[in-house]
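S.K.: Shown below is the structure under consideration.
We did not get these values from a lab; they are worked out from the coordinates using the rules stated. What you see is a predicted model, and the numbers here were worked out from it, not measured in a lab. Cβ sites come from the backbone with ideal geometry, for glycine too, and all protein chains shown count toward neighbours.
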């Protein structure tokens, strides 16, 4: 495995681990039971993939992605129901992570991490669809303040250079 492949793998591991920890820590505080269940199940799925990345990187701890973790922390505190947390994962972070996975796959065809890239993409898509499903059944109460905070979270990622993807770190 090349140093470049390892750097990309570490970055994607950090992204998945951040999502796992975010929902695992946030879910118990949600006041909306549907959102709580969605986040608990999602945390479990992200946790399985995070563990696979850890094993693929021989037990290495993931680096911290401060911007991503800050956005997720702000989403967790933005509303008690959990709607902003689900929104952040499914609308802001998930699609950007999918682009990063696609870019990694294109840049590293035949990589040692091909199966993990596929597994990561599958979990992200599954969780986006789960959030959509729960939100259709139990729509968020998105008033003007909620929408401003959602925009602010998106802007924070954009300003960090994560406009379309979460990148591969630097």
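S.K.: Identify all residues within the stretch 5-20 that are surrounded by fewer than 22 Cβ atoms within 10 Å (Cβ to Cβ) and more than 23 Å from residue 107 (Cβ to Cβ); write none if there are none.
M.R.: Across the stretch 5-20, there are no qualifying residues.
S.K.: Among the residues of the stretch 108-125, write down those that are touching a residue at least 40 places away in the same chain (Cβ under 8 Å), over 12 Å from the mean Cα position of the chain (by Cα) and part of a helix (DSSP H, G or I).
M.R.: Those that are touching a residue at least 40 places away in the same chain (Cβ under 8 Å), over 12 Å from the mean Cα position of the chain (by Cα) and part of a helix (DSSP H, G or I): 116, 117, 119.
S.K.: Do we have residue 17 as part of a helix (DSSP H, G or I) and under 13 Å from the mean Cα position of the chain (by Cα) here?
M.R.: The answer is yes for residue 17.
S.K.: Still on this structure, I have one more. Looking only at residues that are in contact (Cβ under 8 Å) with a residue 12 or more places away in the chain and out of contact with any helix residue (DSSP H, G or I) (no Cβ under 7 Å at 6 or more places or on another chain) in the stretch 97-107, which one is nearest to residue 154 (Cα to Cα)?
M.R.: Selected residue: 99.
S.K.: Still on this structure: Exactly one condition in (1) surrounded by fewer than 18 Cβ atoms within 10 Å (Cβ to Cβ); (2) assigned to a loop (DSSP other than H, G, I, E, B); (3) in contact with a helix residue (DSSP H, G or I) (Cβ under 9 Å, 6 or more places away or on another chain) is false for residue 132; which is it?
M.R.: Among (1) surrounded by fewer than 18 Cβ atoms within 10 Å (Cβ to Cβ); (2) assigned to a loop (DSSP other than H, G, I, E, B); (3) in contact with a helix residue (DSSP H, G or I) (Cβ under 9 Å, 6 or more places away or on another chain), the lone unmet condition for residue 132 is (2).
S.K.: I would also like to ask the following. Residues of the stretch 135-163 being in a loop (DSSP other than H, G, I, E, B) and surrounded by 13 or more Cβ atoms within 10 Å (Cβ to Cβ), which ones?
M.R.: 138, 140, 142, 160, 162
S.K.: For residue 2, all conditions in the list (1) surrounded by fewer than 17 Cβ atoms within 10 Å (Cβ to Cβ); (2) over 28 Å from residue 109 (Cα atoms) hold save one; what is the number of the exception?
M.R.: It fails just one condition, (2).
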